Amino acid sequence: MNFDFGFLNNTIIRDITTKYMNITSINIATDDDCISLGDGSKQIHVLNDTCGPWHGISVGSLEKYPNEELVKGLTVRNCTLNNTDNGCPSKIKISKVTFKNIIEISATQEGVVLICSSSVPCKDVMLSDIDLKFNGTIAAAKLANVKPIT
């Protein structure tokens, strides 16, 4: 299935588990996750979007359910995250993920949170050209069990 959500504005895109989806050129201003992807999602492209305030873009459920499937092929590129408290958190095993050309004004000191399981680390992750700010200073990226593209 191939969905394009370019026509939506100020709408939560929540609890999506799908293959081959583009979320492009939209403005999401909610009091929750702007985009929330479930386990098993593959080839998701989040491009040229503006998100915030609140949580940002979330992936997974912190191994809340048994037998969660891998999230693979997530690209977040040319996006602006305004006043988000998590930015782009991930709570599930993921691979082949790219975060590129992201501007974030974070509501917390940790602008990007990518915490992966030690037993199944996130693989093939690329973070490039990310500008994180918190109260006018540089925000941190919190990463655990993340393996870069080799």
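Can you name every residue in the range 40-58 that is outside any loop (DSSP other than H, G, I, E, B) and among the charged types (D, E, K, R)?
Within the range 40-58, just 42 meets the criteria.
Just name the residue that is modelled with the lowest pLDDT out of those in the range 82-102 that are touching a Leu at 6+ places or on another chain (Cβ under 9 Å) and within 17 Å of residue 23 (Cα to Cα). So that I can check it myself, show each step before the final result.
As a first pass, look at the range 82-102 and keep what is touching a Leu at 6+ places or on another chain (Cβ under 9 Å): 87-100, 102.
Retained after the next criterion (residues that are within 17 Å of residue 23 (Cα to Cα)): 87-88, 97-100, 102.
Working: 87: 57, 88: 61, 97: 83, 98: 86, 99: 84, 100: 86, 102: 85.
The residue in question is 87.
The values are calculated or read from the model by the stated rules, or taken from the named source; none is laboratory data. Here the structure is a predicted model, which means the values were calculated and not measured. Don't worry about glycine lacking a Cβ; one is built from the backbone with ideal geometry, like all the others, and counts go over all protein chains shown.
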